[in-house]
1. Count, please, the residues in the range 264-311 that happen to be at pLDDT below 95, within 17 Å of residue 378 (Cα to Cα) and surrounded by fewer than 15 Cβ atoms within 10 Å (Cβ to Cβ).
2. Mind listing just one residue for me: the one in the range 206-261 that is under 22 Å from residue 318 (Cα atoms) and not in a helix (DSSP H, G or I) and, of those, farthest from the chain's Cα centre (by Cα)?
3. Which condition breaks for residue 411 when tested against (1) buried (at least 18 other Cβ atoms within 10 Å of the Cβ); (2) modelled with pLDDT under 95; (3) more than 14 Å from the chain's Cα centre (by Cα)?
4. Looking at the structure I just gave you, is residue 123 surrounded by fewer than 18 Cβ atoms within 10 Å (Cβ to Cβ) and more than 25 Å from residue 283 (Cα to Cα)?
5. Checking the conditions here, which among 273, 309 is outside any helix (DSSP H, G or I) and touching a helix residue (DSSP H, G or I) at 6+ places or on another chain (Cβ under 9 Å)?
6. Is it the case that residue 194 is modelled with pLDDT of 95 or more and under 26 Å from the mean Cα position of the chain (by Cα)?
7. Tell me, which helices (runs of 4 or more DSSP H) wholly within the range 313-399 include 2 or more residues that are at pLDDT 95 or above?
8. Pairs only if they're at least six apart or on different chains, beta carbon under 6 angstrom, first in the range 328-346 and on the phi < 0 side of the Ramachandran plot, second part of a helix (DSSP H, G or I) and surrounded by fewer than 16 Cβ atoms within 10 Å (Cβ to Cβ); list them, first residue then second.
């Protein structure tokens with residue numbers, strides 16, 4: 001097998017989830033056929049020009065949903081009908097393409113970090129050979145923003161690890177655009193996107209370039225977020241550049257009925273998507289007034305039950321790694337029982353990997369920012385497997401990285417054991433050929449074939 005063939009071989013595996021995704025898109029087009037909040041808002045936008053009415057009854061303008069994703073759904077509905085059979089297939093095909101693109105960047109990160117065959121095998125196993133999250137993405141999430149959020153997150157991680165965040169103005173502009181689009185798509189993406197933006201700034205090139213880069217980044221982010229805030233101020237009465245529903249989710253997830261997951265929360269009785277009294281309150285008083293009532297309700301319960309709130313927050317933190325079987329969505333072929341074992345094993349591997357990098361890796365903040373930080377808000381509200389999907393691809397990279405490092409250390413220990421040939425194992429199992437000294441002197445080539453190193457973050461310049 002030639003070096004070029006060995007280099008390309010892992011990417012052939014992407015065809016597996018693509019074929020499976022297309023089968024799910026066509027075979028299960030009639031599943032999950034009801035419109036969610038974003039879908040209802042997209043219908044309203046298409047028919048009336050108003051980004052609103054995401055709840056059980058018409059309630060007027062809203063900031064509850066993403067304007068970016070709502071516009072995308074409205075465009076699909078305009079071409080193929082309002083969540084018709086053809087529209088559902090098209091949305092699922094897009095989700096399949098996003099899975100393939102996200103998997104591509106997982107494998108590119110594997111090349112950047114010089115995974116050997118064990119690390120690359122783990123990455124391929126999680127994303128291609130046993131893609132349990134694929135049905136969640138293609139069928140359950142086709143009308144939600146999570147597949148897009150997952151792609152943006154893994155792409156931002158690729159830019160950080162791939163030395164694309166090199167301190168140039170171009171890198172700063174790209175990182176600021178990602179941060180602006182990501183925040184409009186999902187506020188949970190803002191912390192890791194700002195983390196990626198920090199690495200794109202020219203921090204070692206003097207005050208003038210750094211100030212210019214910060215000014216450019218702030219201007220770009222403002223160009224994305226301020227118009228949305230102005231629109232919200234004019235239509236719902238509050239200048240908010242993210243979504244308006246945080247306190248609603250706090251009230252839904254913090255009450256006597258809640259056990260931490262979305263299914264056990266008091267959603268049906270409180271959420272205006274399912275509760276007609278709540279929807280009528282919004283229609284009468286407006287969304288901001290209703291969210292204020294939800295804030296008072298949530299804070300009142302928390303102040304009266306501080307220990308219960310602390311226990312629920314801890315329970316939700318556990319559910320982030322180990323969802324219960326009742327939380328597992330429908331999974332074709334495997335069923336929820338077998339899928340639950342996969343989720344539990346994946347959560348255990350992720351938790352162990354986080355503990356390893358937190359204890360031993362100098363760049364632990366990279367992994368924490370991209371695998372854990374986007375889930376932090378849900379430890380205060382309620383946990384759904386759909387929310388966990390956003391960090392799946394960075395988590396797969398993390399697990400593969402730790403597995404690869406463990407294999408190298410184990411092989412080195414075996415080779416240096418008494419009676420074994422001396423020496424430390426080289427990276428002969430890597431999917432990339434070794435870089436020559438000439439190539440290592442080239443920053444561009446270094447991105448293609450960097451040395452195996454523990455320092456994951458691009459060197460300071």
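1. So the count comes out to 0.
2. Among those that are under 22 Å from residue 318 (Cα atoms) and not in a helix (DSSP H, G or I), it is 256.
3. (1)
4. It is false that residue 123 is surrounded by fewer than 18 Cβ atoms within 10 Å (Cβ to Cβ) and more than 25 Å from residue 283 (Cα to Cα).
5. Answer to the selection: 273.
6. no
7. On the way: elements: 335-360, 364-371, 385-388.
Those helices (runs of 4 or more DSSP H) span 335-360, 364-371.
8. What qualifies is 328/336; 340/325.
The values are calculated or read from the model by the stated rules, or taken from the named source; none is laboratory data. Everything numeric in this text was worked out from a predicted model, so none of it was measured. All Cβ positions, glycine included, derive from the backbone under ideal geometry; neighbour counts span all protein chains shown.
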